[in-house]
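The values are calculated or read from the model by the stated rules, or taken from the named source; none is laboratory data. Computed from a predicted model, the values in this text were never measured in an experiment. As a convention, Cβ positions derive from the backbone with ideal geometry for all residues, glycine included, and neighbour counts pool all protein chains shown. With ligands, DNA and RNA removed, areas are computed over all heavy atoms of the protein, side chains included. Shrake-Rupley method; radii C 1.70, N 1.55, O 1.52, S 1.80 Å.
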Amino acid sequence: LPGMQTSGSKPCPCPSFKLREVASMYFTMIAVFLVILVVALQGSAPRGSDFPYKVPLDPQGLLELSWNVSYPQQVVHFQLLLRDLRFGLLFGMSDRGEFENADLAVLWSDGHNSYFGDAWSDAKGQLHMDSQQDYQLLGARRAPEGLYLLFRRAFSTCDPKDYLIEDGTVHLIYGILEKPVHSLHAINISAIHRGLQRVQLLKPNITVPELPRDMKTMEITAPNVVIPSQETTYWCYMTELPADFPKHHIIMYEPVITAGNEALVHHMEVFQCAAEFDSFSHYNGPCDSKMKPDRLNYCRHVLAAWAMGAQAFYYPKEAGLAFGGPGSSRYLRLEIHYHNPLVFEGRRDSSGIRLYYTATLRRYDAGIMELGLVYTPVMAIPPGEDAFILTGYCTDKCTQLALPAAGIRIFASQLHTHLAGRKVVTVLSRDGREQQVVNADGHYSPHFQEIRMLKELVAVFPGDELITTCTYNTEDRSRATVGGFGILEEMCVNYVHYYPQTQLELCKSAVDPGYLHRYFNLVNRFNDEEVCTCPQVSVPQQFFSVPWNTFNRDVLKSLYSFAPISMHCNKSSAVRFPGEWEKQPLPTITERMQEPVPHCPPAPGPRPAAPVPLNLGPLRR
């Protein structure tokens, strides 16, 4: 970290020291040790450039997290700003934001002395000091705006009590101690003010391309919205490009957040409307309002997407996203998700997204392709499942027909499911062998979706296969969840951003309907309760009538793992490429990728399972 030094030792042919010199060196080392561990109270805040990523943790903005990532060291450096320090806080990570079985860094005070330590919580939420102290305190300093706390954590520690930091979503948790506590064990996590924030901690190291001189900007912002006094609001605002707006390339975009609302604006997207409609009604209101014109549902082509904690998005220097010109709709829809858990009233907001664009077109138009499952009820998840898997295919037959000989390059990806989604992964396969992961999120949340730049370009050639697998949890549901557009229905999609743009806009699959009909007939044969398979009964109704015993669940899983598929190898006009696409065989995978083995950092030496004392002065009562 800038401004901080570490010291090491190595053998050297040094002459013997006099006793006085040895004593001087000893006390100097002690002083350095105390400067690091018993932290000085004065000093300016670290420079913002040292921590390029920043996110508010709590809705009031009293806790702010900044961080940076060192891939060579496999370490994340954290900086917490506590604007209103009481008697300490908990900060950490868990599988899905729970405070049970969590990995925590804890700062606490007994009213006189303050301590910092690496801890974990058990299944009952009881805190324990970790025998391996892997949250390493680097410093703390007072500033006019509050207390800065600096510490670091390796991606992987090989400590079974620690969270493995990996690509994808990380659920950060925090808790504020408002009363003094005499020990770590005395903290009752159920009685403290606490919360959750989702981020992508492991941001890719992207080289920012040089921007052209003729670059212009356009702000798509909601006009002076009064944020509704409810926890969750999706706000829709319609706008349009100038008349006769020629073709341009979007080359980057970034968020525009109204000052003071950083903790309320959760995520935003800009959609372009379907070109087949000549006009769209101007609308500015909740997306779920009955007053919203139905035609706005045809504004689904994503131009930009931002989520809390994300930085500016840059297109590769070779490509830009085309908008404007012939065949492109002038109409745009901005959608903002406001997260207002404290139910603030009267807060006004004019947030949105700033597009950077150029009339000097780059070599390639960027394209967006949908991978995964078709939006159809034939793909369903039984109720009460903790990890049910569905897979969608983009087959070699489709890529062979639709991709250019030189292939395409995927540079970004946006994963998408509805409320039951827990994990999403897309893998590239070639000649039956898995080659690389395109994008994966093992802690996926439907409440945190953003377009993520990939760490490296993924080259896809004709004959390659792209396989997208989603894992769902329906333990809180009493009937089957079918595929579809409704929020209580499900999707499994990866929107991949690539260049050069091709005619292939959708490469997805679903189980063959005939084989699903055989499944319902089989259920009828082996179960006392009859499942109506009459032609007039819809597929969802048939799924809803299935008695979900172990046999029926296992047979459905088996069906999805071997039955032929219906392939949708579609152009942007929603018309399939020529060919036979029904009853296609599932791709055969002969060689799977090996699971990555976590890298354990070398042990830095014994670190006792004891808290580090901090000299923070008198704390607020």
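Using only Cα atoms, tell me the angle between helix 550-562 and the longest principal axis of the chain; keep it within 0 to 90° and round to the nearest 10. Here the helix axis deviates by roughly 80 degrees.
Please work out whether region 302-432 counts as rounded, prolate or oblate from its C-alpha gyration tensor, where a ≥ b ≥ c are the square roots of the eigenvalues and a/c under 1.5 means rounded, while otherwise a/b larger than b/c means prolate and anything else oblate? Taking the square roots of the gyration eigenvalues as a ≥ b ≥ c, region 302-432 is oblate.
In the chain, the longest principal axis of the Cα atoms and the axis of helix 19-37 are about 40 degrees apart.
With a threshold of 22 Å on the Cα-Cα distance, the over-threshold entries among Lys124/Lys203; Lys317/Lys455; Lys247/Lys397; Lys397/Lys423 are Lys124/Lys203; Lys247/Lys397; Lys397/Lys423. What the Cα convex hull of region 215-362 gives, in volume per residue, is 105 Å³.
Measuring with a 1.4 Å probe in the full set of protein chains, what accessible area per residue, in whole Å², belongs to region 53-203?
Details: 5340 Å² over 151 residues.
For region 53-203, the solvent-accessible area averages 35 Å² per residue.
Of Met593, Met218, the residue with the largest accessible area leads and the full order is Met593, Met218 (1.4 Å probe). The slack in the chain from Cys158 to Phe344, taken as 0.36 nm per residue of separation less the alpha-carbon distance, amounts to 62.7 nm. As a test, work out the antiparallel percent of DSSP beta bridges whose residues both lie in the chain, rounded to the nearest 5. Counting only bridges with both partners in the chain, antiparallel ones make up about 95 percent.
The residue list Thr474, Val378, Leu104 was ranked by how far each Cα lies along the charge dipole of the chain toward its positive end, using unit charges on Cβ atoms, and Leu104 comes out on top.
Under a 1.4 Å probe, what is the accessible area of region 443-593 per residue, stated in Å²?
Averaged over the residues of region 443-593, the accessible area is 47 Å².
Paramagnetic label reach from His128 (point 7 Å along Cα→Cβ; backbone nitrogen cut-off under 17 Å): within region 174-205, residues 184-189.
Could you rank Tyr356, Tyr498 by how accessible they are, 1.4 Å probe, largest area first?
Details: Tyr356 35, Tyr498 0 Å².
Reading off the accessible areas and sorting them downward yields Tyr356, Tyr498.
Just the Kirkwood number for the chain, please: inverse of mean 1/r across all distinct Cα pairs, in Å, one decimal. It is 27.2 Å.
About its Cα centre, the dipole of the chain is roughly 1400 debye, where the only charges are +1 on Lys and Arg Cβ and -1 on Asp and Glu Cβ. Taking the Cα atoms only, what angle lies between the long axis of helix 513-526 and the longest principal axis of the chain, rounded to 10 degrees? With both axes taken from Cα atoms, the answer is about 80 degrees. Excluding ligands, DNA and RNA, the accessible surface per residue across region 215-362 is 44 Å² with a 1.4 Å probe. Projecting the Cα atoms of Ala304, Ile176, Leu504 onto the charge dipole of the chain, computed from C-beta unit charges around the Cα centre, puts Ile176 farthest toward the positive end. What's the carbon and sulfur percent of the chain's accessible surface, probe 1.4 angstrom, rounded to a whole number? Carbon plus sulfur share of accessible area: 53 percent. For Ala610 and Lys455, the FRET efficiency from 1/(1 + (r/R0)^6), where r spans their Cβ atoms and R0 equals 30 Å, is about 0.20. Here Leu211 and Lys54 are evaluated by their C-beta separation; at R0 = 22 Å the FRET efficiency comes out at 0.45.
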